[in-house]
Structures are given as structure tokens and as C-alpha cells.
Amino acid sequence: MAEISKIQTSEFDYDIGYLQSIVHDILQQSAALGASSAEAAVSSQNGYSVTVRKGEVETIEYNRDKGLGVTVYFGQSKGSASTTDFKPAAIKTTVQAACDIARYTSADEYAGLADAELLAKDIPQLDLYQPWSLLPEQAVELALQCETAGLAVDKRLTNSEGAYVSTHSGQRVYGNSLGFTGGYASSRHSLGCTLIASDNDEMQRDHWYSLSRNPAQLEDAESVGRRAAERTVQRLNARKLSTCHVPVIFSADVARGLMGHLVRAISGGSLYRQSSFLLDSIGKTILPDFVTMDERPHVRQGLGSAPFDNEGVTTNPRILVDGGVLQGYVLDSYAARRLGMQTTGNAGGVHNLHINSTGQSLTELLRDMGRGLLITEVMGQGVNIVTGDYSRGASGFWVEHGELQYPVEEITLAGKLDEMFLGLQAVGSDLDQRGNLLTGSWLIDSMTVAGAE
């Protein structure tokens, strides 16, 4: 049995030891009903968020959620059920339901628990639980400070979609019939603001936010408001472009989406379904030779950190791309078996995937590009992971001589993801750490920009 994290749980509705006991009860009941193996996850979360708009409180929303899920196997026939009721009778009914489903499910030769030897044995303490002793009235004050600071930046900021402060914490325990039980607590705090500017009958909106497990690492409220204001005002008097082929810089927060497309393309579900443009790509060059991408699952307080994955498999640092060459896929146990491989500890996704920077600031990337587009927002669902086709609406700024000239809107970016990845020229030092995919801005050599004819 892996160690349950030793944490202070007085702020939670349930002691983590109680969640552990529920998992043990589920596993015992599953075995008693004839299941050859079983796994269960139990979680409890609480927190609140406040929203203000134009100096007034709009909402104060409290959240208290709990739930459990159980999966049982009768041989290789699988059944799953879940409930939000922790009463013993409800748990018993849920386990029974999972067993009933399994008895009527066809066997799947790839189904089953993770391999026992891969399960986490020593759980590192990653300090993922960093509570915020913030009263709702204090949260309201922070949100008001954020919005007020933003609206004060420019007289053209005439309206607001609001500012918010959010704080949430949770606990999760996972266990299976191979003897693994592990659990830990985590927290997540954020504040943000969305503003509206108007000029000459034109209106634009933009936002900014800060996100961290540790409240001490959040940007201060006034800075978030001012950043939202500056981004909003910058978008005023946007122009359209004629169709062209130019270099493109994706700002760091947008470049994170490109990393997400790559992760999808090398994830097990896409691969075993033969629905990825990166099929059979291990050992092949998919990015320029200066690129390294690596997972860092044990970063203390990291938003993507985890001591084990959703199957209890230990997480380990690893290199996904080295010198532009793909070194491995992103797999859970089921996908790995379908592919004749071994799980990579990624049930539930990647953990703090990081791409190395080539060292330039965004200002230096603009100078290196000279003439082209800086993209600060993309929209739409025009990404096809099967073919790699990429077509999304976008807005941003036209660049000449390495400097921003004017905002642009109502354009469409078009390309092929494989060509975009190989056309990556540089990765900025402006690392965006507000998530699980960590990157700076991307400079890509050329894309088609469809605009006004």
C-alpha cells in the first residue's frame, strides 16, 4: 500500500482517512460479489468564487462536491458505476451496479488494471495543497480592486464583463485490488478580469487572469486588472488583412494550444484508433532539432504535478521530444496494451509538459520575424488531428520592421500541423505557467492568412 499523504484536512468535509476507508470497503465488496479485480476513486472538493461587475457584487457561489467511481472486472469484462452519495447503502448499490454491468459486457482482451510492478510505491510530497485563508468579503474586495484598476487605465474602457476571485481545494484517494492505495490534497486559486473598450462606435473586449496552487504566487489584483485593460485597449481600431503568406508568432497563451494538439496526436486513444497524423512517429523528426519537450510531474506546487496517475502508476520525469525527434507516446494501460507497449504513467494526461526556449523575449521574437503576424487569440474548432489540417479564426497584430503596427481581426489561419511544427523557428522566454502545458511564444516560418479579398 502506498502512503497516504500526511496533510492537515480540517478544512475539508471528510478526513482523507475516511475517503481511504470508503475505497477499501468498495474493493472488499467487489471481491465479495465475485469480481476478479477492481479499482475505485473517491474525491471531495470545496471552495467558492465571487464575481463583481461595475463596482457591484454579482455572484458569490459556493461549491461542495463529492463523488466516487468504481470499476470492476470479471476476467476481462468491465463494468463501471458512480455516485455522489457516501452512505453505505448507496455505495453498496453502486458496487452492485458495476458488477451487474460487467456480467453483461463482452470481454476485452486489453482491459484490466495497470501492471502491479508499475504502481507507485513511494509517493513524493509535492505541496499541492496550499490553502488560501481568504474570507468571501476579502475576495470581493480583491475583485473590486482588480476591476477598478483596469477601468482606470484608459477613458475608452467604458464597460466591464466583471472581475472574479476563485479558491478551491480538494482531496482524492485511489485504490485497486492489487494492494495500491494513494491519496493527496490539492488546491487551485485564480483571479481575473474582462473589460470592454469602445471608440468610434467600435467595441472590443479582452481579459487577463492569474492561476496558481499557491495564493502567494498569484499576480496582485491591480496588475491583473491593468493587464486586462492594456490588452483590451490595444485591440481598438482593428483592421482586416488581404490574404497573404507570412511568418506568424503565436503568443505564449495561444501557443499552449499548439502543444495540446501535439499531445492529442501522440496520445493512445488517437493512435490505436488510427486517427492521428503522427501515427508510427517514434524515432522520427516532428519538430526542429533545437526542440526538447519533457514532462516534469514532480515540480513542487506545479499545476500539472502528480505523484501517480489515475491508475496509480508512478509518474516519472521523461523526455517526449529530444532534438526534434519523438521519443515516446502518451499512454494509459489500456491504450498501451492495444499498441503492444507499456503505459507511460499518463492515465489522465501529461504532467507539466515543458518545451525549451531558444532564449528570445517576445520583443526579440518580433524583431527576428520582422514582418508578419502576432496572434493573440484563436477561435473555432477547425483542427483535424486525423489529417493535421489546421484552420481557425484569429485576431492579433500586424508587425512591420519588428514592431506592432495595428490590431487585426476577422482573419483565418490555415496550415498543416506537421508543417507548422517543422516550421517552428524559435520559442520565446515568456513562459506561460498557467496550466499543464508550459511554453513561451512560438515563431513559425510561414502560414496562410485568409482575410478580405
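Some points to look at:
- The listed residue being modelled with pLDDT of 95 or more, buried (at least 22 other Cβ atoms within 10 Å of the Cβ) and touching a His at 6+ places or on another chain (Cβ under 9 Å), out of Leu191, Leu126, Leu195, Leu218: Leu195
- Once segment 153-165 is narrowed to residues that are of a type outside the set (Lys, Arg) and in contact with a helix residue (DSSP H, G or I) (Cβ under 8 Å, 6 or more places away or on another chain), the residue that is nearest to Ala216 (Cα to Cα) is Val165.
- Residues (hydroxyl-bearing (Ser, Thr, Tyr) and not in a strand (DSSP E or B)) located in segment 384-426: Thr387
- Residue check, Lys92 in contact (Cβ under 8 Å) with a residue 60 or more places away in the chain and either outside the structural domain of Ile26 (by TED's automatic domain parsing) or surrounded by 13 or more Cβ atoms within 10 Å (Cβ to Cβ) (or both): yes
- Entirely in segment 165-280, the helices (runs of 4 or more DSSP H) that have 2 or more residues that are under 20 Å from the mean Cα position of the chain (by Cα): 252-265, 268-272
- One residue alone among Ser429, Ser446 is outside the structural domain of Gln204 (by TED's automatic domain parsing), surrounded by fewer than 18 Cβ atoms within 10 Å (Cβ to Cβ) and part of a strand (DSSP E or B), and that residue is Ser446.
- Out of Glu141, Glu137, Glu147, Glu109, one residue alone is part of a helix (DSSP H, G or I) and loosely packed, with under 14 Cβ neighbours inside 10 Å. It is Glu137.
- Of all residues in segment 290-340 being closer than 14 Å to Asn356 by Cβ and acidic (Asp, Glu), the one that is farthest from the chain's Cα centre (by Cα): Asp322
- Some residue of segment 166-177 being surrounded by fewer than 20 Cβ atoms within 10 Å (Cβ to Cβ) and out of contact with any strand residue (DSSP E or B) (no Cβ under 6 Å at 6 or more places or on another chain): no
- Test set (1) of a type in the set (Val, Ile, Thr); (2) farther than 28 Å from His401 by Cα; (3) crowded, with 17+ Cβ neighbours inside 10 Å; (4) in contact (Cβ under 8 Å) with a residue 40 or more places away in the chain - Val254 fails condition number: (2)
- Just so you know, in segment 67-89 the residues that are without any contact (Cβ under 8 Å) to a residue 24 or more places away in the chain, part of a strand (DSSP E or B) and of a type in the set (Gly, Ala, Ser) include one that is surrounded by the most Cβ atoms within 10 Å (Cβ to Cβ), and it is Ala81.
- Under the condition of being within 25 Å of the chain's Cα centre (by Cα) and either farther than 27 Å from Gln130 by Cβ or acidic (Asp, Glu) (or both), the residues counted in segment 41-70 number 3.
- Any hit, segment 360-378, residues being assigned to a helix (DSSP H, G or I), of a type in the set (Ser, Thr, Tyr) and either within 19 Å of Val427 (Cβ to Cβ) or at pLDDT below 95 (or both): yes
The values are calculated or read from the model by the stated rules, or taken from the named source; none is laboratory data. Quick caveat, the model's predicted, so the values are computed rather than measured. Note: ideal-geometry Cβ built from the backbone for every residue, glycine included; neighbour counts use all protein chains shown.
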